[in-house]
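As structure tokens, the structure follows; a few thoughts come after it.
Computed from the coordinates by the stated procedures, all read-outs in this text should not be read as laboratory data. Everything quoted here is computed from the prediction, not taken from an experiment. Counting neighbours? That spans all protein chains shown, and the Cβs are built from the backbone with ideal geometry, glycine included.
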Amino acid sequence: MTSVSDYAHLWEAQPGWLNTASYGLPPRPAWEALQAALADWHVGATSWEPWDESTTRARESFARLIGAPAADVFVGSTVAAGVAPIAAALPDGAKVLVDDVEFTSNVFPWQAHADRGVEVVSAPTAELIQAIRPGIDLVAVSAVQSATGDVLDLPAVVAASKEIGALLVLDASQAAGWLPLDVRGVDALIAHTYKWLMSPRGATLGYLSPELQERCRPIFANWYAGNDRHSSYYGTRMDLAPDARRFDQSPAWFSFVGAAPALELLEQIGIPAIHEHNLALANEFRAGLGLPPSNSAIVSTSFPGADEAFKAANIRAAVRNGNLRASFHVYSTSADVELALRALKNI
Ligand SMILES: Cc1ncc(COP(=O)(O)O)c(C=O)c1O
């Protein structure tokens, strides 16, 4: 079995980075690929096509990570933009269920259709599954909540959604990269890659089931979504790709140049090993705070004064909804945990 520590030399995290839930740090292959592309850009050393090969690699790697065919994966810019075509496909008057603390990129795109009767209702995390009742047309929820670190009981949500015939749209931005994921039973799974997938911001990847692809209008139709991109530059003849590629937004080249090596490295290390590593550190931190162990790489807890103490000790974590939020990823170490606990000791 691979050990995460075998790969530790690929990152140069300064001690005290506990904020992957905000953004992840690039592994050396991603950093170097990006620097090389920037150097080529600087002097015009190459055409753009070699940069774009990274988009294909990132799409394929993401597909393997979530157990989907690459033909069902689109590339885009943000979660909100990935959700938009699904929201546009909802019938007038549809009802969408979200978590009370859902990140708004998976809330506002549904609410933007309020004028045609699309209604968003919410439930507390602990009551979400009971709230999946007849009358709900679509469940839009994060696999791991940004604010609290709560991990969704995915099999239960899939079963409850299937039972009432509701679509299930997952935001995996806080999950993909550390939590084992599988798209079986899921209609859409979208992840921005700049957190746990350790990529530059601007590269988003999403799965759309073949059935959902049929229901959605490619509202971002563009040259890159063309069946043959090179004959899709000009004019009025639109021939879009027959698969999920017709939902592609033309990619931010350099974001994908950084994303492809990062995703491939995650595959190489293996999500189960990373999952184990992250939980061990998160639970070490929790134990130090006197909290019971949990199943999340994100620790969120009320700790008045923690923000100031962390700032004084140069520990970079976050405060969300009034709670301290510390997150642990592949490059985090026990030394980071110790630093954080030491900073909090005298409060
Ligand atoms: C769960 C979740 N989804 C999405 C995003 C980012 O959204 P977008 O890609 O629309 O900028 C974040 C950022 O914090 C997030 O935590």
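Assorted remarks:
- Near-label residues of region 244-287 by backbone N, under 16 Å of a point 7 Å along Cα→Cβ of residue 112: 247-250
- Size of region 250-303: Rg and Dmax of its alpha carbons, in Å, are 15.9, 48.
- Near residue 24, the amide H atoms lying under 5 Å from its own belong to 195, 198, 199; only residues 5 or more places off or on other chains count, and H is placed 1.01 Å from N.
- Amide H to amide H, with H built 1.01 Å from N, residue 323 comes under 5 Å of no residue 5 or more places away or on another chain.
- Based on every Cα atom in the chain, Rg and the maximum pairwise Cα distance Dmax equal 20.6, 68 Å.
- Extension reserve of the residue 162-residue 308 stretch, reckoned as 0.36 nm per residue once the Cα distance is removed: 48.0 nm
- Whole-Å semi-axes of the ellipsoid equivalent to region 9-142 (Cα gyration tensor, √5λ, descending): 37, 20, 14
- Entry note: region 1-83 has Rg to Rh equal to 1.01, where both radii use alpha-carbon atoms and Rh is the Kirkwood radius.
- Contact order normalised by residue count of region 174-318, Cα under 8 Å, 6+ apart, percent: 21 percent
- FRET E, pair residue 250, residue 14, Förster distance 25 Å, beta-carbon r, rounded to 0.05: 0.10
- Relative contact order for region 85-191: 25 percent, from Cα pairs under 8 Å spaced at least 6 residues apart, divided by residue count.
- Amide H contacts of residue 118 (H built 1.01 Å from N, under 5 Å, at least 5 apart or other chain): 93, 94
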